[in-house]
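Below is one structure, written out as structure tokens, with a few remarks after it.
The numbers here are math on the coordinates, done by the rules we state, and not lab data. Not measured: the values here are computed from a predicted model. When we count neighbours, we look across all protein chains shown, and the Cβ atoms used for this are built from the backbone with ideal geometry, even at glycine.
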Amino acid sequence: MNGMYRSQVFPRVMRFISVTRILVFMTIFWTVNSIAESKNSLTLYPAEVEAIFSFDHDDRNGSGNSSFSSQETDSEFGVRLVQEAYLYDPDIAWFIVDIEPSIMREDTKSSTLTEDSSGRNLDYFFQADILQETTLPVGFNIQIQHSSDLLDGSLGSQYDNVIDTKQASVDWKLDAFPISLTYRDEVLDQEFQTSLNDQLSKRNENLQNWVLKGGSSKLDLRLEHENLDDLISTRNNDFEQDEAYLRHWLSWGRASELRSILEYSDRNGFNANKRLTFEENARIQHTENTFSRTFYRYFSITQNTETEEHNSKFELNHNLYGNLTTIASVEADAARSDNLDENIQTVELFSRYQKQDLFGATVNAGLGVSYGETDRDSTFGLVDVVDESHTARLNGVILNTRFIFTSTIIITDSTGTIVYSEGFDYVVNNRSGDLTEVQIIAGGQINDGDSILVSYQAQALPSQKFSTTYSRYNLGINLGWLRLSHSDSKSNDSLISGADESFLNDTRFTITDIEFRWELNKSDLLLGAQRNYQLAGGFSSTTYTYKQTFSWTYSRDFRLNLSTIESFTEEEDQDTDLYSLDLSIDWRPLPALSIVPTVGFWQRQDTENSVPRSSSEDEFITAGFKLHWKYRQIAVDFSYFRDRRTLQTNQTVDGNQVDEYKYMFRLIRKFL
């Protein structure tokens, strides 16, 4: 199926007789109406017919302490049929049918297994838009989708999967408050068996979803009910979830407004939890150069424990000549949970200077100080941290909380949909100061710079009362060819009463960054260096990063891109050296032909300072190219890559090395 539809590989094929009936029906349908014409008020657009052939091969070999060899070859041949039509007028009733049946074959060879599998696949999609583009007050949308695979192996293995999706929506096209109601039903059936002697694994899943959405110039509303009946042979993941979202904003006077947000979520069954968020944010313009913001936020979550948070803040902003902004603020935070009560009061003064053209340079500067007091009443039990946001880094990121139980860590993508796997996508390291570090693994699902959410349980800190002084400043200069920035922030805790000072957490974060950029004729060169120092909970780390990027454009049809990074991290118990290189060429020798060769290299070396001669080295190299060629009714895609990964530690004398060869061929022949 093409990119306009949901891309999933799901399960079980219809009976062959059903596929035959569909193909016979569509063949007769298109034979009679091979060109766009009108009969009985039904107009058919010219049909699209494509033949698709694809071939994938993957060869993997391991040496050293993990010696193995495996080969896997997948081939598929199918036909894609697409028909669009409308009744009376495209704005009144528009339809599309997309059918793609195919046959598949898989061959697997290894030192312990030789097996071939063959099977069938059927994907089809139907969509109808009724009255959507008319002036009538109501419109309808209907979608039906089916995706299935059936594979039978020579050794008795079986893969039998199917997913069926039905969706219907009604849109009320009201001028003042348009509303849509959508119902979606998704059914998954899956059967899996590796051989005749193995137990048949089954999974049945039915997800039902109701969504009501409405909005106006001042209000957004969303109500959703979701029900999952998910039965796995080893556990039951059934749940029901109700969600509500309401946002309202009101403007008055000049640049003054009030924004309100209400979010509610109640989930029963698997991973049960209840959340409530309420926010009020008021901005009032007092004079030409002065305005204030008043903010209040309430948040509560009940999961393993019950947590309730209040946050309120008032700030006064003053602008001088549009370049200098001074902000004075007062903030109060309160958190209540089963094992912890915490109150924080903070006052802050911050000034920011911005100048677009100061002797040819753009200048940014800031200076701020704050003072706060924290009163913590703790039972020394457990606390839940849910969806703590971080930016993933290859050289690691320190989590915010101390005394974390690492076995409870769950990491997802920024939407909370994809759950990553420890050991494959990331590793967890214990650091001094009772801190925890998450380090992503090259080649996994997490890329450097991705936003991730981390949830975990931690030991609550003991009862204390302490004060915190906080200061920060930053300076940035941009001359176009030169960019220089420096920022520093630090906090110092002073014990007033309660447990000893070892539970206090002084912090400091310093970043110095410089970049030189030259643009000469058809080339662009950038050289940069950065020093990043962080101190938290007694743990300190300094990272020096050097980056170089170079691009050269010979013509519109040839462009070269090169990027290299060297990073050196010094920590109390471990040093990490990181090197990476990426080279790609975008070459278009013909208007319909593109060739993109790429080379990538990545290496990370860790040395344990506390253990003599204890070190590990992880290296990943990839090289290959992609080719795309299109000529009239034919489109060809071909790619070839070779990957090599090597892991060497002082415990694995021979090391572990994995070589992988991958190539893919895809041919599309369009007939109509």
Problem - Cα gyration tensor, the stretch 506-672 - rounded (a/c under 1.5), prolate or oblate - result: oblate
Practice task
Could you tell me which of G444, V419, Y473 has its Cα farthest along the dipole of the stretch 389-518 towards the positive end, charges placed at Cβ (Lys, Arg +1; Asp, Glu -1), taken about the Cα centre?
Solution key: Y473
Fill in the blank from the handout: CD proxy, 222 nm, the chain: helix-only mean residue ellipticity via -39,500 (n - 2.57) per DSSP H run with n ≥ 4, per residue, nearest 500, stands at -1000 deg cm²/dmol
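Please give the length that would be gained between A361 and A168 if that part of the chain were fully extended, namely 0.36 nm times their separation in residues minus their C-alpha to C-alpha distance (nm, one decimal). Intermediate results must be reported in sequence, preceding the final value.
Working: separation 193, 0.36 × 193 = 69.48 nm, distance 5.63 nm.
Result: 63.8 nm gained on full extension.
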Problem - Most positive-pole-ward Cα, M664, S615, N561, against dipole of the stretch 506-672 from beta carbon charges - result: M664
Problem - Sites K670 and E133, calculated FRET efficiency, Cβ-Cβ separation with R0 25 Å, nearest 0.05 - result: 0.30
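Of the peptides 109-116, 91-98, 168-175, how do they stack up when ordered by the mean number of other Cβ atoms within 10 Å, highest first?
Per-residue Cβ counts within 10 Å, averaged per peptide and sorted highest first, yield 91-98, 168-175, 109-116.
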Practice task
For D89 and T408, compute 0.36 nm times the residue count separating them, minus their Cα-Cα distance, and round to one decimal in nm.
Solution key: 109.1 nm
Exercise for the section: Check cross-link reach from K218 to the lysines: straight Cα distance under 29 Å, and skip same-chain residues fewer than eight apart. Expected result: K173, K274, K313
Fill in the blank from the handout: Pseudo-spin-label distance F77 to D220, built 7 Å along Cα→Cβ, given in nm, is 5.1
Handout entry: Karplus 3J(HN,Hα) series, Hz, for the stretch 621-634 with 6.51 cos²θ - 1.76 cosθ + 1.60 (x for Gly, Pro)
Key = 10, 9, 8, x, 7, 10, 10, 10, 9, 10, 9, 6, 9, 10
Fill in the blank from the handout: Mean Cβ-within-10 Å packing, highest first, puts peptides 141-153, 403-415 in the order 141-153, 403-415
Handout entry: Degrees, to the nearest 10: 16-32 long Cα axis against longest axis of the chain
Key = 80
Handout entry: Fewest-first ranking of T576, T545, using other Cβ atoms within 10 Å as the exposure measure
Key = T545, T576
Problem - Net charge dipole size for the chain [Lys, Arg +1 and Asp, Glu -1 on Cβ; Debye, nearest 20] - result: 2180
Completion exercise
Once the in-chain neighbours fewer than 8 apart are removed, the aspartates and glutamates whose Cα is under 17 Å from K465 read D333, D341, E342, E373, D375, D377, D493, D500, E501, D506
Completion exercise
Computed from the beta carbon distance with a Förster radius of 22 Å, FRET efficiency for T182 and S451 to the nearest 0.05 stands at 0.20
Problem - For the stretch 379-393, 3J(HN,Hα) per residue [Karplus equation, 6.51 cos²θ - 1.76 cosθ + 1.60, θ = phi - 60°, Hz, x = Gly/Pro] - result: 9, 6, x, 9, 10, 9, 10, 10, 6, 6, 8, 9, 9, 5, 9
Exercise for the section: Match the structure shown to one of the listed values (i) 37.3; (ii) 52.5; (iii) 31.7 of mean projected area of the Cα convex hull in nm², computed from it, and give that label. Expected result: (i)
Handout entry: Sequence-distant aspartates and glutamates (8 or more away, or on other chains) whose Cα lies within less than 12 Å of K662
Key = D56, D58, D59, E72, D74, D643
Problem - Positive-end residue, the stretch 506-672 charge dipole about Cα centroid, Cβ charges, pick of T649, S639, N532 - result: S639
Handout entry: FRET E, pair D586, L479, Förster distance 30 Å, beta-carbon r, rounded to 0.05
Key = 0.50
Practice task
First check a/c for the stretch 147-210, with a ≥ b ≥ c the square roots of the eigenvalues of its C-alpha gyration tensor; if it is under 1.5, answer rounded, and if not, answer prolate when a/b is larger than b/c or oblate otherwise.
Solution key: prolate
Problem - Cα→Cβ-extended label distance, 7 Å offset, between S523 and R644, nm - result: 2.9
Handout entry: Nitroxide proxy distance, nm - points 7 Å out along Cα→Cβ at E315 and F625
Key = 5.3
Practice task
Enumerate by residue number the chymotrypsin sites (Phe, Trp or Tyr not before Pro) in the stretch 223-329 meeting two conditions: DSSP loop (anything except H, G, I, E, B), and at most 10 other Cβ atoms within 10 Å of the site's Cβ.
Solution key: Y321
Exercise for the section: Rank the residues S260, S497 as a footprinting-exposure proxy: fewest other Cβ atoms within 10 Å of their Cβ go first. Expected result: S497, S260
Exercise for the section: Read phi for every residue in the stretch 78-94 and hand back ³J(HN,Hα) as whole Hz from Karplus 6.51 cos²θ - 1.76 cosθ + 1.60, θ = phi - 60°, with x for Gly and Pro. Expected result: x, 10, 10, 10, 10, 9, 10, 7, 9, 10, 6, 8, x, 6, 8, 8, 10
